[in-house]
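J.: Would you mind keeping the following structure in view while I ask a few things?
The values are calculated or read from the model by the stated rules, or taken from the named source; none is laboratory data. Just so we're clear, the structure is a prediction, and the values are computed from it rather than from any experiment. Every residue, glycine as well, gets a Cβ built from its backbone with ideal geometry; the counts of neighbours run over all protein chains shown.
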Amino acid sequence: MHIDVFTLHPAMFAGPLTESILKRAQEMGALSISLHDIRDHTEDKHNTADDTPYGGGGGMVMKVEPVVRAVEAVIASSSGVPVILMSPQGRVFNQRLASELSQESRLALICGHYEGFDERIRQTVVTDELSIGDYVLTGGELAAMVIIDAVARLLPGVLGDPDAPIKDSHATGLLEHPHYTRPPAFRGMTVPDVLLSGHQANVERWRRQESLRRSWQRRPDVLLKAALSDADRWFLMELAQADIAERAQKDDRPPQG
Ligand code: ADE
């Protein structure tokens with residue numbers, strides 16, 4: 001996969017792209033990234049890439065010409081390459097979108113100020129708009145890095161364990177089960193016996209149930225969309241009944257203090 005990033009701050013990308021798995025993904029040829037400085041496509045002597053908004057108000061707005069020129073210098077409009085604007089107004093990025101984007105051979109990400117982009121940028125070069133969550137960052141750079149990271153780890157060969165993306169939290173529709181590694185006991189906290197038992201079917205059942213329990217406790221919303229077996233549904237009913245019983249017991253308790 002090749003990713004073109006358009007930004008006023010290419011130096012921000014140095015850390016994340018030159019360490020760990022993203023570094024390896026590039027070294028092994030699964031991923032290549034070109035950073036394009038939008039300022040290189042300005043034409044005035046001050047290299048102005050942003051300006052105050054028409055109609056007044058604070059903040060700076062990304063100018064249309066440098067952004068459109070920068071993108072058009074690299075990506076032909078007929079190429080079909082997704083050109084994605086990083087913005088808190090976009091569709092909210094998630095594992096499904098990461099998986100969809102990982103099928104592309106090429107992507108372009110445009111980063112800009114949080115205050116906004118001249119609307120004509122959207123009307124000319126942008127094909128999609130993504131947000132990484134309902135909060136506002138100072139600019140789109142960190143959002144682009146999040147998307148690059150989530151997509152890169154899904155590219156064939158990038159992760160040591162080829163099944164990892166299939167087992168991930170959210171990939172299955174559920175949160176992942178808890179994990180343990182050596183030592184078997186730490187400060188009195190021991191690893192569940194089943195994980196040391198060597199009985200793979202029991203391990204798999206425990207993992208599935210703990211995955212359901214975590215999802216139920218932390219993100220019940222994901223259970224509505226997850227593919228659940230009859231056994232899963234029984235287990236969830238037991239969890240719900242245990243919760244109801246626990247709450248009833250609390251309600252019965254005389255007031256404290
Ligand atoms: N730019 C500013 N905030 C953002 C967000 N939440 N997602 C993507 N780009 C952004």
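J.: Restricting the search to the stretch 132-154, which residues are within 9 Å of the ligand (Cβ to nearest atom) and closer than 19 Å to A70 by Cβ?
T.: Within the stretch 132-154, G139, G140, E141, A143, A144, I147 qualify.
J.: If you don't mind, another one. Exactly one condition in (1) under 25 Å from A152 (Cβ atoms); (2) surrounded by 18 or more Cβ atoms within 10 Å (Cβ to Cβ) is not met by H41; state its number.
T.: Every listed condition holds for H41 apart from (1).
J.: Here is a further query. Being away from the ligand (no atom under 16 Å from the Cβ), touching a helix residue (DSSP H, G or I) at 6+ places or on another chain (Cβ under 6 Å) and charged (D, E, K, R), is that true of even one residue in the stretch 179-196?
T.: The answer is no, given that none of the residues of the stretch 179-196 is away from the ligand (no atom under 16 Å from the Cβ), touching a helix residue (DSSP H, G or I) at 6+ places or on another chain (Cβ under 6 Å) and charged (D, E, K, R).
J.: Test of understanding: among V83, V158, which residue is crowded, with 17+ Cβ neighbours inside 10 Å, under 21 Å from P66 (Cα atoms) and at pLDDT 95 or above?
T.: V83
J.: Go through the stretch 86-109 and give me each residue that's over 15 Å from the mean Cα position of the chain (by Cα) and within 10 Å of the ligand (Cβ to nearest atom).
T.: Answer for the stretch 86-109, where residues must be over 15 Å from the mean Cα position of the chain (by Cα) and within 10 Å of the ligand (Cβ to nearest atom): just Q89.
J.: Every residue in the stretch 110-131 that is under 15 Å from I3 (Cβ atoms), away from the ligand (no atom under 15 Å from the Cβ) and crowded, with 21+ Cβ neighbours inside 10 Å, please.
T.: If the condition is that a residue be under 15 Å from I3 (Cβ atoms), away from the ligand (no atom under 15 Å from the Cβ) and crowded, with 21+ Cβ neighbours inside 10 Å, then no residue fits.
J.: Another question about this same structure. Filter the helices (runs of 4 or more DSSP H) completely within the stretch 92-186 down to those with at least 2 residues that are closer than 24 Å to S211 by Cα.
T.: 95-101, 141-152, 164-167
J.: How many residues are touching a helix residue (DSSP H, G or I) at 6+ places or on another chain (Cβ under 8 Å) and basic (K, R) when one looks only at the stretch 30-86?
T.: Qualifying residue count for the region: 2.
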